[in-house]
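The values are calculated or read from the model by the stated rules, or taken from the named source; none is laboratory data. Because the structure is predicted, anything quoted here is derived from the model rather than measured. Reconstructed Cβ throughout: ideal geometry from the backbone, glycine too, with neighbour counts over all protein chains shown. What goes into the accessible areas is simple: the full protein's heavy atoms, side chains included, and nothing from ligands, DNA or RNA. Shrake-Rupley method; radii C 1.70, N 1.55, O 1.52, S 1.80 Å.
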Amino acid sequence: AQTVTQSQPEMSVQEAETVTLSCTYDTSESDYYLFWYKQPPSRQMILVIRQEAYKQQNATENRFSVNFQKAAKSFSLKISDSQLGDAAMYFCAYRSAFQGAQKLVFGQGTRLTINP
Amino acid sequence: KAGVTQTPRYLIKTRGQQVTLSCSPISGHRSVSWYQQTPGQGLQFLFEYFSETQRNKGNFPGRFSGRQFSNSRSEMNVSTLELGDSALYLCASSVDGANTDTQYFGPGTRLTVL
């Protein structure tokens, strides 16, 4: 079974600074997808970024980028120029690439605080 | 395009009762997945429905069941409620459940069991 581990329960960063959230995963599969989701106080889960395991290039979405290290099974999220609206719980998630596999396996989450 | 909607948003029940939660996916989406979120266990996959058929199932007891209608709306039912069923229940929809799909989540239903 696949597992996802987020070793940082809480992180804080000054507004406009850069912060990196860590995620490691365990799988025996060679093809899969990795995601970062954001859950603000409203509880709505919002997709931040997605990475396909077969792509070596790290995904980027505006101020959000990932460092995907497949051999090390590591998938960290970097947030640049942090904004107050980035404050939320961040979840790393894994999904198999097998056809029809919709199950997301989530880490325990990292609570990110932005200090003004 | 409207997002995923879930009703009701909040629910209070007592032990032994049953509850039904509803999820309306994004228009055009045919796959609906359900997740349970608790402080202790985190986010756990319950099941996924596609074209009115349960396609994937998580490791939950039979008290948890669901169904999907022809318009892709889905309901989740929990019978004989236990205190430990108190949680945020999230549903997510995707276009056709292909492994390339991205799941979009609703706001959740907060269930409290007394």
For the protein assembly as shown, which whole percent of the accessible surface, found with a 1.4 angstrom probe, sits on carbon and sulfur atoms?
47 percent
Need the full-extension length gain, A:Thr3 to A:Ile46, defined as separation in residues times 0.36 nm minus the C-alpha distance. One decimal, nm.
13.4 nm
Entries of A:Lys38/A:Lys73; A:Lys78/B:Lys57; A:Lys70/B:Lys57; A:Lys103/B:Lys13 with Cα pairs more than 25 Å apart:
A:Lys78/B:Lys57; A:Lys70/B:Lys57; A:Lys103/B:Lys13
Please list the radius of gyration and Dmax for chain A, considering alpha-carbon atoms only, with Å as the unit.
13.7, 45
Pop a pseudo-label 7 angstrom from the Cα along the beta-carbon direction at both A:Arg111 and A:Gln57 and give the gap in nm to one decimal.
3.8 nm
With a 1.4 Å probe and ligands and nucleic acids left out, the total accessible area lost when A pairs with B, in Å² to the nearest 100, equals 1900 Å²
Within segment B:7-114, list the chymotrypsin sites (Phe, Trp or Tyr not before Pro) lying in a DSSP loop whose Cβ has at most 14 other Cβ atoms in a 10 Å radius.
B:Phe69
Provide the per residue accessible area, probe 1.4 Å, for the protein assembly as shown, rounded to a whole number of square angstrom.
47 Å²
So, with +1 on the Cβ of K and R and -1 on the Cβ of D and E, and no other charges, what is the size of the charge dipole of the protein assembly as shown about its Cα centre, to the nearest 20 debye?
480 debye
Dipole in debye (nearest 20) - chain A, about Cα centre, beta carbon charges: Lys, Arg +1; Asp, Glu -1
260 debye
What does the charge add up to near B:Ser22, with Lys and Arg as +1, Asp and Glu as -1, over the other residues with Cβ less than 12 Å from its Cβ?
+2
Applying 1/(1 + (r/R0)^6) with R0 = 22 Å to the Cβ-Cβ distance of B:Val95 and A:Phe98, what FRET efficiency is obtained, to the nearest 0.05?
0.80
